[in-house]
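What follows is calculated from the coordinates using simple rules that are stated; it is not laboratory data. Quantities reported herein were computed from a predicted structural model and do not represent experimental measurements. We place every Cβ from the backbone using ideal geometry, glycine too, and count neighbours over all the protein chains shown.
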Amino acid sequence: MSLRPLTAPWFHGPAGHEKIWLGCAILWCFVMSLMMPYWHFRGKQNSTGEAYTVKPADFLARTEKFVAANRVGTYKHPGNALLGEVPIVEPPPGGDVYLIGRMWQWYPALRLRQGETYRIHLSALDLQHGFSLQPLNMNFQAVPGYDHVLTLTPTSKGEFTIVCNEFCGIGHSSMTGKIFVE
Amino acid sequence: MSTTSHNLAAPGTPGRVCGTTGLHVCFDAQRFIKLNAVSGIVFLLLGGIAALLLALTRWQTVHLLPVDWFYRILTFHGLNMLIFWILFFEVAILYFACTTPLNARLYSRKVAWLSFTLMIVGALMTDYIILKGQADVMMTSYLPLLAHPVFYLGIILMAVGTLIGVFNFFATLYVAKRDKAYTGSMPIVTFGALAAAIIAVVTLLHGAVVMIPTFTYSMGWTAEPDPIWYRLIWWGLGHQSQQVNVCAMVSVWYLLTHIVLGSRPVNEAVCRSAFVLYILFINLASAHHLLVDPAVGATWKIWNTSYAMYLAVLASMVHGFTVPAGAEIAMREKGYTSGIFGWVTALPWKNPAFSGTALSVVIFGFLGGITGVTLGTQQINIIAHNTLRIPGHFHVTVVGGTTLAFMALAYYVIPLIFQRDFIWRGLARVQPWLFGLGITLLAFGMSFAGSMGVSRRSYDIDAQGVYGPAAHLWLGVLGVGGVLAFLSLLIFVVLCVGTLFFGKKIEGRPMADWGTPPALAGSTPGSLAHDHYATKGTMVLTLVFLACFVVYYFANWKALADVWPVR
Amino acid sequence: MKNEPKIHPWQKLMDNPWLLLVLGVLIPVLSYSVWGWIELLFTKPALLP
């Protein structure tokens, strides 16, 4: 009885249907717990959390240096005053890329090459921001004080939008950025 | 009166014998069950009004609130629903579970007053400062976002108050054993409440560790805590508090199927072991919120997100079997034996406590459980983190699961503890169905919009220029579901409050029956106690569940394999 | 008391709320919080080449 204390010893092992279900459930849990290590070694999409501590001011200075060295143009977002004008930067294939999230833009815009692998250093200057690459729907966290390194290989061409998906104040839903893949 | 025994059955003890169940009820416990349950329902109403405003804002066509009030109301909604409503109601459940089933008196009235006062003061402080517009930081209040110090102080008082209530629970367990109020093992409902209380201790300790330095920082006394350290410890509060709900909800499942159908656990050892797995491992799942974070490595992420090899998921799958299996055996013993599902059609679907429980099991398991485990898979989280898929998941666990189970419980708590029969009983029979429907629509809308990349906690999806008509359509479904769920919540609150004032008094007589299946002629109670193959219907249902789980899980791996390689 | 039936050790564990409380606090604190905290403390500074 579920509401009264049990006075006789009650321990006995599972049997019958319950034992069958327990077996199925344990097997399924085993499959799921192998999937993550399997994908870590053999799968292509992983979040390893590679990161280094950094002062926001230092990260901004490094990003400006990166922009000055690789700038190829200017991007003006149609109808989004918050984003304003941002430089378009084309990093050398296989190189380091610096990307800042701040209220309320992703800085700078990037031009990448299909099939090349980049080390994208992601950080935030003021509040936490959410790197959400659309329409692919890939999501990573950008946190002030941390240089979050994503080793990323664009495999499809086109224009992609970075949406902010971590609440960062009143302009949050208008905070966007751009990645062009050629 | 320090010599008074804590055994409720002892002569002269302040308590009464329930006219419906014949169980002893402690007057102190009864008073604080009333206070905490009513406060919980008031915060549920506040959070519900906020929910309606939010649903009508994310529904892009309606887009009701201005931007600043959207984020303010979202903060308000999160705290009132996930923290205040749930914790007040849980303290009520704890006070019940440690007294009546154990024949014990509540340990201390003073401690219960202290707990209640701190909780209510904390909750009101927090709500006040949010509505004043000085804490637009979301429920998570991720640093470096900073709210007014009163916001943190309110949460600290709430957490400390709850912890004191949990202490009262443990102390009651101790004195009940010491005074031999009961002998043997505590019943499964109390054991489930114990699991909830243990998890609450871990939760509230994390709450203190993260909120105290944040409070002192907001006062300007100390340096800013590290933002990822804050995320790590905060989720020890934020996610684990929801595991308290899971345990309390599963206890309520066992309680209500027992009250309505006369179910008993198929196997005490298996049911209790499942609760032990919750106690030991479910709290590792806080890592689900840091799966795409910097600075915590893959090994930590994979080990913790798997709840140590999915042992806590195993526990939920066990309860998902034993709760319906207990019901099936009870029904078959009553003589409803035709076919595989004959017992299902004979279940009392018009009894709101039963329909609420059954819907809670189905919505929590099929929708909440499957999505939760899948989204909480380390790599799959890349295509889910901070999208609307996440609230899509937790609205079917915490709302469709826990809140609906607690509503179902209220259909017995109010007659049995407040001693009044429900008013408008016909409306009550519809309420759980409407709520289940509304929440399911809401969660589908959120989940599909989230799959299209729509982010959570976002005021407007048109400014970004990337979402098409399909995403707008699913946000509309979210809105319609939200409105239906709110209507049902309103009906629930009106029924409860109306009953407290106008319900027919029960004095010494049994409560009006909501409808329980009668035992058919020729049936024998306990006849299936040793038949281990009597649960064919449950076996089929759980295998269908497993098939859905496998399909959804691997479909998400496929979706992940289609995005850009990343490391 | 004589003739008391033998109680399975697993039942003894589950009849002991205090042991469950200690284990229930210790395991998540070590596995999630302390381990996670250590990971953060050992984060190296960025070189920014």
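Observations on the structure shown:
- All alpha carbon pair distances within the range A:8-121 were sorted into 10 Å bins beginning at 0; the resulting P(r) in whole percents reads 11, 25, 21, 13, 10, 10, 8, 2, 0.
- Label-to-label distance, nm, for residues given as C:ASN16 and B:LEU543 (7 Å Cα→Cβ offset): 4.1 nm
- The listed peptides C:31-39, B:194-202, ordered by packing as a protection proxy, come out as B:194-202, C:31-39 (highest mean of other Cβ atoms within 10 Å first).
- 5 Å binning of all Cα-Cα separations within the range A:91-159, expressed as whole percents from 0 upward: 4, 17, 26, 29, 17, 7, 1
- Within the range B:394-484, the proportion of Cα pairs with more than 23 Å between them is 40 percent.
- Net lengthening on full extension, B:ALA559/B:ARG425 (0.36 nm per residue, minus Cα-Cα): 43.5 nm
- Area projected by the alpha carbon convex hull of chain B, averaged over all directions, nm²: 26.7 nm²
- Packing here is the average count of other Cβ atoms within 10 Å per residue, and on that basis the peptides A:86-93, B:301-308, B:96-103, B:16-23, highest first, run B:96-103, B:301-308, A:86-93, B:16-23.
- Greater than 31 Å apart at Cα, pairs in B:LYS34/B:LYS334; A:LYS178/B:LYS301; B:LYS350/B:LYS558; B:LYS177/B:LYS350; A:LYS44/A:LYS76; B:LYS301/C:LYS6: B:LYS34/B:LYS334; B:LYS350/B:LYS558; B:LYS177/B:LYS350; A:LYS44/A:LYS76; B:LYS301/C:LYS6
- Cα gyration tensor, the protein assembly as shown - rounded (a/c under 1.5), prolate or oblate: prolate
- Counting 0.36 nm for each residue step from B:GLU224 to B:HIS532 and taking away their Cα separation leaves a gain of 105.0 nm.
- Summarised as an ellipsoid, the range B:59-167 has semi-axes of 33, 16, 9 Å, derived from the eigenvalues of the Cα gyration tensor scaled by 5 and square-rooted, with the largest first.
- Plainly put, chain C has a radius of gyration that is 1.46 times its Kirkwood radius, both from alpha-carbon atoms, as the Rg/Rh ratio.
- Ranked by how many other beta carbons lie within 10 Å on average, peptides B:504-516, B:323-335, A:52-64, B:64-76 from highest: B:323-335, B:64-76, A:52-64, B:504-516
- Rounded to two decimals, the Cα-based Rg/Rh of the range B:293-359, with Kirkwood Rh, is 1.29.
- Against chain A, whose longest principal axis comes from its Cα atoms, helix A:56-70 is set at around 60 degrees.
- Spatially proximal aspartates and glutamates relative to A:LYS55 (Cα-Cα < 15 Å; intrachain offsets below 8 disregarded): A:GLU64, A:ASP126, A:ASP147, B:GLU224, B:ASP226
- For peptide B:370-380, the mean count of partner chain Cβ atoms within 10 Å of a residue's Cβ comes to 3.
- C-alpha long axis of helix B:86-99 to longest principal axis of chain B, angle in °: 20 degrees
- For chain C, the longest principal axis of the Cα atoms and the long axis of helix C:17-28 meet at an angle of about 20 degrees.
- Per-residue average of Cβ from other chains inside 10 Å of B:338-351: 0
- Taking a ≥ b ≥ c as the square roots of the eigenvalues of the alpha carbon gyration tensor, the range B:1-90 is prolate, as a/c is not under 1.5 and a/b beats b/c.
- Loop-resident sites, the range B:148-251, for trypsin sites (Lys or Arg not before Pro), counting at most 16 other Cβ within 10 Å (DSSP): B:LYS180
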